[in-house]
Each structure stands twice: as C-alpha cells, then as structure tokens.
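Some notes on the structure that comes next.
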Amino acid sequence: MMKVIKRKFVTATQQPPLFYLWFIPAWFLLGFSRLVIVTVTFKRFAHWLGMHDGIAPRTPLTTADQEIRARAIGKAITIASRYAPWKANCFPQAITARVILGYYDIPYALFFGVRRSNTEEKGSELKAHAWVVSGRVSVTGGRSFGQFTSVGCFVSN
C-alpha cells in the first residue's frame, strides 16, 4: 500500500503546472460532454465542434508553446477520464479537448473514424473512434490515423 502511495506521489510531482490547472475542469467537462452526447442529437451540436472539414486527415500547425500546452491538456483529460464515475470514452474526451484547446486558442482537428474488427463469435463488427490532434501532438484518442478510416473532421476556426 505504501509503495502505491509513494509511486502516485512521485508521478504527481512530475506533472507540469498546466496539468493541475486543468485536471478538475477537465473532469467536470467530461461529465458535461457525456450529458450532451446522451441528451442532444449530434446534428444539434456538431456546429459547435468547429468548422466541418470533410474527411481530409489534416492536422493544424502549432507553435512549440502550443504543443506543450496541448500535451499537458491531453494528459489532464486522460487522467481525469480514469476517475470519472460515468462513461468517459473517446467521444467525451474529444469534446473536452476541443473546449479546452479552444479556450487557449490552440489550433486543433477533431476526427471521427471507423474500422472493421473481426471477432470470432460476432463476425465483422464496426468500431467507431474520436480523437483530437494539435500539430504533432495527439491530445486525446492516441495515434489513430493508421488504425481508423477518417469519416469526418472538425477544425478550429
């Protein structure tokens, strides 16, 4: 038990200051994003995600400072999603990243993608995923370009 507490303390002290600035707001935004996803149709809030850019897998250019912020924001969202009592999968994480990156005027691209996965008992199954990138930084959703086919993209204005 003490080893776990010590490890968590060491990990916590190694986080950048922006992580602590956005951990609690990210946790609340994850909950709000989940509520929006469950209660509002995608058509009603899609315009709020950014400018629809078709299916082109483009990533916006960012400065070094913006990449540092985007990386810290992504880490805060990922860790906050682990402590959420609600479902905080890729879609609420992507919406939360969009909100925080937009607040900081950091360019972003929010992607939606699909892929087929073959399972023995179910046959071919369609998997969906959402991810956000900012320059070279994968803010949420991991490095998904090689695994999923992009079916929609929203970029910052």
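The values are calculated or read from the model by the stated rules, or taken from the named source; none is laboratory data. Computed from a predicted structure; not experimentally measured. Glycine also receives a Cβ, built like all others from the backbone with ideal geometry; neighbour counts cover every protein chain displayed. Surface areas here come from the heavy atoms of the whole protein model, side chains and all, with no ligands, DNA or RNA. Shrake-Rupley method; radii C 1.70, N 1.55, O 1.52, S 1.80 Å.
Can you name the residue in segment 98-131 that is of a type in the set (A, V, I, L, M) and more than 17 Å from PHE45 (Cα to Cα) and, of all such residues, is most open to solvent (accessible area, probe 1.4 Å)? Let's see the steps before the verdict.
Step one: list which residues in segment 98-131 are of a type in the set (A, V, I, L, M), which gives 99-101, 106, 109-110, 114, 126, 128, 130.
From the residues that got through so far, the ones that are more than 17 Å from PHE45 (Cα to Cα) too are 101, 106, 114, 126, 128.
Numbers: LEU101: 0, ILE106: 4, VAL114: 43, LEU126: 108, ALA128: 81 Å².
Only one residue fits best here, namely LEU126.
Could you run through segment 34-48 and say how many residues are without any contact (Cβ under 8 Å) to a residue 12 or more places away in the chain and in contact with a Phe, Trp or Tyr (Cβ under 6 Å, 6 or more places away or on another chain)? Write out each step before concluding.
First, the residues of segment 34-48 that are without any contact (Cβ under 8 Å) to a residue 12 or more places away in the chain: 35, 38-45, 47-48.
From what's left, in contact with a Phe, Trp or Tyr (Cβ under 6 Å, 6 or more places away or on another chain): none.
Total satisfying the criteria: 0.
Of all residues in segment 127-157, which are touching a strand residue (DSSP E or B) at 6+ places or on another chain (Cβ under 9 Å) and outside any strand (DSSP E or B)?
Keep residues of segment 127-157 that are touching a strand residue (DSSP E or B) at 6+ places or on another chain (Cβ under 9 Å), which gives 127-134, 138-145, 147-157.
Once the filter is applied, which keeps residues that are touching a strand residue (DSSP E or B) at 6+ places or on another chain (Cβ under 9 Å) and outside any strand (DSSP E or B), segment 127-157 yields GLY141, GLY142, ARG143, SER144, PHE145, GLN147, PHE148, SER156, ASN157.
Checking each residue in segment 7-43 for being more than 25 Å from ASP65 (Cβ to Cβ), hydroxyl-bearing (Ser, Thr, Tyr) and either out of contact with any helix residue (DSSP H, G or I) (no Cβ under 8 Å at 6 or more places or on another chain) or surrounded by fewer than 16 Cβ atoms within 10 Å (Cβ to Cβ) (or both) picks out THR39, THR41. Meeting the requirement of 1 or more residues that are touching a Ser or Thr at 6+ places or on another chain (Cβ under 9 Å), the helices (runs of 4 or more DSSP H) wholly within segment 1-62 are 17-39. Looking across SER117, SER81, one residue alone is more than 16 Å from ILE24 (Cα to Cα) and not basic (Lys, Arg). It is SER117.
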